[in-house]
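Taking it in order: structure first as structure tokens, then the write-up.
The values are calculated or read from the model by the stated rules, or taken from the named source; none is laboratory data. Please read these numbers as outputs of a predicted model, since none were measured by experiment. Methodologically, a virtual Cβ is constructed for each residue, glycine included, from the backbone with ideal geometry; neighbour enumeration extends over all protein chains shown. Just the protein is used for accessible areas: all its heavy atoms, side chains included, with ligands, DNA and RNA removed. Shrake-Rupley method; radii C 1.70, N 1.55, O 1.52, S 1.80 Å.
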Amino acid sequence: MIRNGHGAASAAGLKGPGDQRIVRVWCDGCYDMVHYGHSNQLRQARAMGDYLIVGVHTDEEIAKHKGPPVFTQEERYKMVQAIKWVDEVVPAAPYVTTLETLDKHNCDFCVHGNDITLTVDGRDTYEEVKQAGRYRECKRTQGVSTTDLVGRMLLVTKAHHSSQEMSSEYREYADSFGKCPGGQSPWTGVSQFLQTSQKIIQFASGKEPQPGETVIYVAGAFDLFHIGHVDFLQEVHKLAKRPYVIAGLHFDQEVNRYKGKNYPIMNLHERTLSVLACRYVSEVVIGAPYSVTAELLNHFKVDLVCHGKTEIVPDRDGSDPYQEPKRRGIFYQIDSGSDLTTDLIVQRIIKNRLEYEARNQKKEAKELAFLEATKQQEAPPGGEID
């Protein structure tokens, strides 16, 4: 059980300030390749109560019901813990959500997105809690799924970048990636993400630096926001007693210049939400200049500038992008202790490509069978559904 340092009353459960009852909410899942869709689900769940507990399944359970996870359970526990709306993480949560689990953790109800989660034998994993009236639903985030992200990695195209039109080749591939013959499930598929100002407002803290806080600036792609990024930002956060961490995200074309191939896998709008969901980040600069300029440092009144141990690629004119903070004596290199990079994640996916495609086909086939069975149950006796 991993807690994120909230009050004992909330953790223990029943009473909060003014003796009001604390509403404890349960979410669970694989949380593999955590993206802003997962974060948005947890944000919505947290808004339904006062204290959010998230159960994360083991590698063994996921392999049994779904197929091989991309990240290990330890990596997944840590990723969920880094999401700012999560109060507590429960490792090794059972794949099927039961009333026993809710009662054990003193939770009022559980929350899941408006998609379906099925066991290896095609049963709804939330059946028991739904029947008991202890289930709430939140809206699934359109335009992102693990299936889609895996598809982008496997198809070398830049169609997902923010200024690119979706090519017919990418659309055709996206439409068919991991799809089972005979139909398309409304849940396992690919759709396009549409950024709105409302979504950014929901994810942003809305807080400006306060007197006495240390303003720390970091910059990068933060692509496929992963445990390597979390470890780095956690170390940066430890540099001050009261840190205010600003993350500068580079434009897609800039990232492609220094990373090549079809990077970034996630476009700038998607990367913005992923980073804003992290508890160690206070603010994001959307489309930050590659070189950390005097203008930027002065504007945000930056005290420290940090970079990890990854290679620093020169700017287009061959200059060091960190020459100004170095000149001011405020540049620090941070060793996060993690060697995980976006490249390594993509390599994990490519290595297991066939397994992931088979997993998606199997998952979609189960969903279609479940939909068909539901339709049969809803059909009037002796009649057809119109």
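Of all the numbered requirements in (1) open to solvent by less than 50 Å² (accessible area, probe 1.4 Å); (2) among the aromatic types (Phe, Trp, Tyr); (3) at pLDDT 95 or above; (4) over 23 Å from Arg257 (Cα atoms), Tyr332 misses one, and that requirement is (1). The residue that is farthest from the chain's Cα centre (by Cα), among those in the range 94-109 that are open to solvent by less than 20 Å² (accessible area, probe 1.4 Å) and under 26 Å from Glu372 (Cβ atoms), is Thr97. When only residues in the range 223-270 that are in contact with a His (Cβ under 8 Å, 6 or more places away or on another chain) and farther than 26 Å from Gln347 by Cα count, which is surrounded by the most Cβ atoms within 10 Å (Cβ to Cβ)? Result: Val245. Taking first residues from the range 66-93 that are over 13 Å from His226 (Cα atoms) and partners that are among the aromatic types (Phe, Trp, Tyr), the Cβ contacts under 6 Å between residues at least 6 apart in sequence or on separate chains come to Asp87/Tyr51; Val89/Tyr77; Pro91/Tyr77.
Sort out for me the helices (runs of 4 or more DSSP H) sitting completely within the range 37-116 that have 3 or more residues that are farther than 22 Å from Leu233 by Cβ. Show your work before the answer.
Details: elements: 59-65, 73-81, 99-104.
Result: 59-65, 99-104.
Condition first: closer than 21 Å to Leu340 by Cβ, out of contact with any His (no Cβ under 6 Å at 6 or more places or on another chain) and open to solvent by 40 Å² or more (accessible area, probe 1.4 Å). Can you find one or more residues in the range 120-130 that meet it? No: zero hits. Within the range 205-232, the set of residues being of a type in the set (Gly, Ala, Ser) and at pLDDT below 95 comprises Ser205, Gly206. The set of residues in the range 201-222 that are aliphatic (A, V, I, L, M) and open to solvent by 50 Å² or more (accessible area, probe 1.4 Å) contains only Ile201.
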